[in-house]
Amino acid sequence: MALQSSAVKFRRILAHFPQELSLAFAYGSGVFQQAGASAAETGNNMLDFVFAVDDSVTWHMMNLLKNRNHYSFLKYFGPKPISNVQNYGAGIYYNTLVPCNGRVIKYGVISTDVLIEDLLHWKTLYVAGRLQKPVKILTQNENVKLQAALTSNLKSAVTAAFLMLPESFSEEDLYMQIAGLSYCGDFRMIIGEDKSKVMNIVKPNMLHFQKLYSNILEDCPQVVYKHQQGKLEIDKSPEGQFAQLMALPRTLQQQITFLMDPPGKNRDVEEILLQVAHDPDCGLVVHQGISGIVRSSSLIQSAKTTLTAGIKKSVTYSMKKMYKMSKGWLRKT
């Protein structure tokens, strides 16, 4: 019954927005229970949404007519400049601390093409990273390219996690590694985010993670998946690691190349990845590559918040994050 009422709640919120959405999903602590949070806290947390739209300018134009008060001072410039701001950094525009249907919500608007690009190539790993963790899909149109990209993103997350894990590990270890991908190198994990965030996401939501990944694990030739014991074994030979490195998204391969290739050498990507496959620190190199992607997109995205939320909301939002972090810290001590 709780699920039923939450579905109705999300539909009612969605009804406040222009309906031209290729994908809409809700995510985060207002949707999925996190460790250490009571059901009441989950019910009061801000609800986070992402809306993918085919035409950002038109969508913002319609949303300005419906929900002008959601926007900061940028509303005075109109839909085109708003769309231009959206395209910086991770390519997503957030309206935050918006009262809607009795709840406080935050929603991000991203163009469908930019989303597909991120899912396939991990250009910023910002929204792709969100979609590697359980989310509640609210609406999705029949976009075959988008569907294929969503699956590709999950497969890439598994491959990257394999490269950073030992030969044998538990299912929980795998999901911890996957859930942590989009936090590698995110400066907000140093200041502003609860440090035990990844564990709090995974532990209460194991079933949701299994639903996302079990088919991929069953079909993956490089892993022995001992379902009953919740254990996995992977091929850590240089050949096995090379195959995994070659399957990584393009931007991550470029980042690894950049890390390993001194300027002026100009070796090709395959040659460098072969070298990394033989390196005992292969997992660390992959981790550094992911951190490089996340660091730059999270910095630009956070800097954008002052523009998209306005000064007052930015300060309020940051204070809430700090409060959550200190609560997590107090729970530990």
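The values are calculated or read from the model by the stated rules, or taken from the named source; none is laboratory data. Predicted, not measured: the structure shown is a model, and the values here were computed from it. Methodologically, a virtual Cβ is constructed for each residue, glycine included, from the backbone with ideal geometry; neighbour enumeration extends over all protein chains shown.
Values computed for the structure shown
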read-out	value
Residue match in region 51-73 (condition: buried (at least 20 other Cβ atoms within 10 Å of the Cβ), within 16 Å of the chain's Cα centre (by Cα) and in contact (Cβ under 8 Å) with a residue 12 or more places away in the chain)	yes
Residue count, region 198-254 (criterion: over 28 Å from Lys136 (Cα atoms), in contact with a helix residue (DSSP H, G or I) (Cβ under 7 Å, 6 or more places away or on another chain) and not β-branched (Val, Ile, Thr))	8
Ile13 being surrounded by 13 or more Cβ atoms within 10 Å (Cβ to Cβ), touching a Cys at 6+ places or on another chain (Cβ under 7 Å) and either in contact (Cβ under 8 Å) with a residue 24 or more places away in the chain or not acidic (Asp, Glu) (or both)	yes
Odd one out for Gln86 among (1) crowded, with 20+ Cβ neighbours inside 10 Å; (2) under 14 Å from the mean Cα position of the chain (by Cα); (3) not hydroxyl-bearing (Ser, Thr, Tyr)	(2)
Residue pairs meeting the criteria (Cβ under 7 Å; at least 6 apart or on separate chains; first closer than 21 Å to Ile272 by Cβ, in region 226-238; second assigned to a loop (DSSP other than H, G, I, E, B))	Asp235/Gln222; Lys236/Glu167; Pro238/His278
Strands (runs of 3 or more DSSP E) enclosed by region 66-183 - at least 3 residues per element that are β-branched (Val, Ile, Thr) and in contact with a strand residue (DSSP E or B) (Cβ under 7 Å, 6 or more places away or on another chain)	92-100, 103-111
Selection within region 140-177 - more than 18 Å from the chain's Cα centre (by Cα) and loosely packed, with under 15 Cβ neighbours inside 10 Å	Asn141, Glu142, Val144, Lys145, Pro166, Glu167, Ser168, Ser170, Glu172
Checklist (1) over 26 Å from Lys123 (Cα atoms); (2) within 26 Å of the chain's Cα centre (by Cα); (3) not acidic (Asp, Glu) applied to Thr251, failing item	(1)
Which listed residue, of Ser314, Ser291, is at pLDDT 65 or above and among the polar types (S, T, N, Q)	Ser291
Of all residues making up region 65-104, the number that are of a type in the set (D, E, K, R) and under 24 Å from Phe10 (Cα atoms)	3
Residue tally, condition in contact with a Pro (Cβ under 9 Å, 6 or more places away or on another chain) and on the phi > 0 side of the Ramachandran plot, over region 95-124	1
Filter pass, Phe73 being under 30 Å from Lys203 (Cα atoms) and aromatic (Phe, Trp, Tyr)	no
Residue in region 108-117 that is over 25 Å from Gln177 (Cβ atoms), out of contact with any Phe, Trp or Tyr (no Cβ under 6 Å at 6 or more places or on another chain) and of a type in the set (D, E, K, R) present	yes
Residues located in region 16-46, provided they are at pLDDT 85 or above and surrounded by fewer than 16 Cβ atoms within 10 Å (Cβ to Cβ)	His16, Gln19, Glu20
